[in-house]
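J.: Here it is, the structure in full.
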Amino acid sequence: MRTPIIAGNWKMYKSIKEAFDFVTTLKDELAPYTAVERVVCPPYVALTSVQAALAGSGVDVGAQDVHWENEGAYTSQIAPGMLQGLVKYVIVGHSETRAFQGVTDEMVNKKAKAALAHELRPIIAVGESLETNEAGETEAFVGKQIRAAFADIPAADLANIVVAYEPIWAIGTGKTATPEQANTIIGMIRGVIADLYGDDQAEAMRIQYGGSVKPGNMVELMSQPHIDGALVGGASLKVDSFVELVKLAIEAKGL
Ligand code: 13P
């Protein structure tokens, strides 16, 4: 049985104070719901105070990105060693970093490997554009992203990796993939992992769905057998809706 993981990606929202106040309330509200893993990914500047506020709460912290080098002349970037011990997870390959920062499949692979080398758990995000989707090329495109992201990653590291399938056309648009569509693509991703590492590894891999996840569509999405949680933007920014998503995931998975 795969433990579902619900992660809030705050993107560029919340000041340091807002982040601290938010998690101070959130951790108490989430305390009873331990059957799923719960993660918040604030902006970098809030990581230290959020991590301190959540220490011992069972709610984990993630960063939204990481560079692949340990140090160097990379203005604006954050090295994996700087995050080690501070966060448990790091999102790599989010479509917004691919679109606005020129992150390529090869960089996603380097980021994932650098994260793993520093005891950080990558959440590897993949997903296709509307154009690719409408051209019927989703499976080929996402399959290629997955193969590139996992290049040279040994099987021994797989237990520390989460995949997030986020169709770009569903992010922040209010449009979600239908639960069946999301399940089909996530099943295909599991198939690619099986091809690369074998059935047992694929069966154990946690794969989230992301893109306009909200309380109103959570049960349907989480009722799908291949969907192991959610990477949530907008609906993770309010305590009530984040808690509701966690509760609904537990209900849908019968935990
Ligand atoms: P929304 O939930 O706001 O659509 O964002 C999804 C996302 O990009 C999470 O990483």
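J.: When ILE193 is evaluated against the numbered criteria (1) buried (at least 20 other Cβ atoms within 10 Å of the Cβ); (2) part of a loop (DSSP other than H, G, I, E, B); (3) away from the ligand (no atom under 16 Å from the Cβ), which criterion, by number, is the only one it fails?
T.: (2)
J.: Would you check if VAL61 is within 20 Å of LYS113 (Cα to Cα), part of a loop (DSSP other than H, G, I, E, B), aliphatic (A, V, I, L, M) and free of Cβ contacts under 8 Å to residues at least 60 places away in the same chain?
T.: Answer is no for this residue.
J.: Just give me the residues in segment 207-255 being among the hydroxyl-bearing types (Ser, Thr, Tyr) and under 16 Å from the mean Cα position of the chain (by Cα), in sequence order.
T.: Within segment 207-255, TYR209, SER212, SER236 qualify.
J.: Do any residues in segment 121-146 that are over 23 Å from GLN64 (Cα atoms) have Cβ atoms under 9 Å from those of residues that are part of a helix (DSSP H, G or I) and charged (D, E, K, R), where the two are at least six apart or on different chains, and which pairs are they?
T.: Between residues of segment 121-146 that are over 23 Å from GLN64 (Cα atoms) and residues that are part of a helix (DSSP H, G or I) and charged (D, E, K, R), the close pairs are GLU137/GLU131.
J.: Return yes or no: is VAL39 under 26 Å from ILE227 (Cβ atoms), out of contact with any helix residue (DSSP H, G or I) (no Cβ under 9 Å at 6 or more places or on another chain) and either of a type outside the set (Ser, Thr, Tyr) or assigned to a strand (DSSP E or B) (or both)?
T.: So VAL39 passes the test.
J.: Can you say whether THR173 is of a type in the set (Ser, Thr, Tyr), out of contact with any helix residue (DSSP H, G or I) (no Cβ under 8 Å at 6 or more places or on another chain) and within 12 Å of the ligand (Cβ to nearest atom), as far as the supplied structure shows?
T.: yes
J.: Tell me whether segment 43-55 contains one or more residues that are in contact (Cβ under 8 Å) with a residue 12 or more places away in the chain, in a loop (DSSP other than H, G, I, E, B) and either more than 21 Å from LYS111 (Cβ to Cβ) or charged (D, E, K, R) (or both).
T.: no
J.: While we're here: How do the pairs read when you match residues in segment 188-201 that are over 15 Å from ASP157 (Cα atoms) with residues anywhere that are among the charged types (D, E, K, R) and assigned to a helix (DSSP H, G or I), using Cβ under 6 Å and keeping only pairs 6 or more apart or on different chains?
T.: MET188/GLU139
J.: Further, regarding this structure: Which one of ALA114, ALA99 is part of a helix (DSSP H, G or I), aliphatic (A, V, I, L, M) and more than 16 Å from the ligand (Cβ to nearest atom)?
T.: Every option except ALA114 fails the conditions.
Every read-out reported here was derived from the displayed coordinates using simple, explicitly stated rules and does not represent laboratory data. Just so it is clear, the structure is predicted and the values come from calculations on it, not from any experiment. Cβ atoms come from the backbone with ideal geometry, glycine included; neighbour counts cover every protein chain shown.
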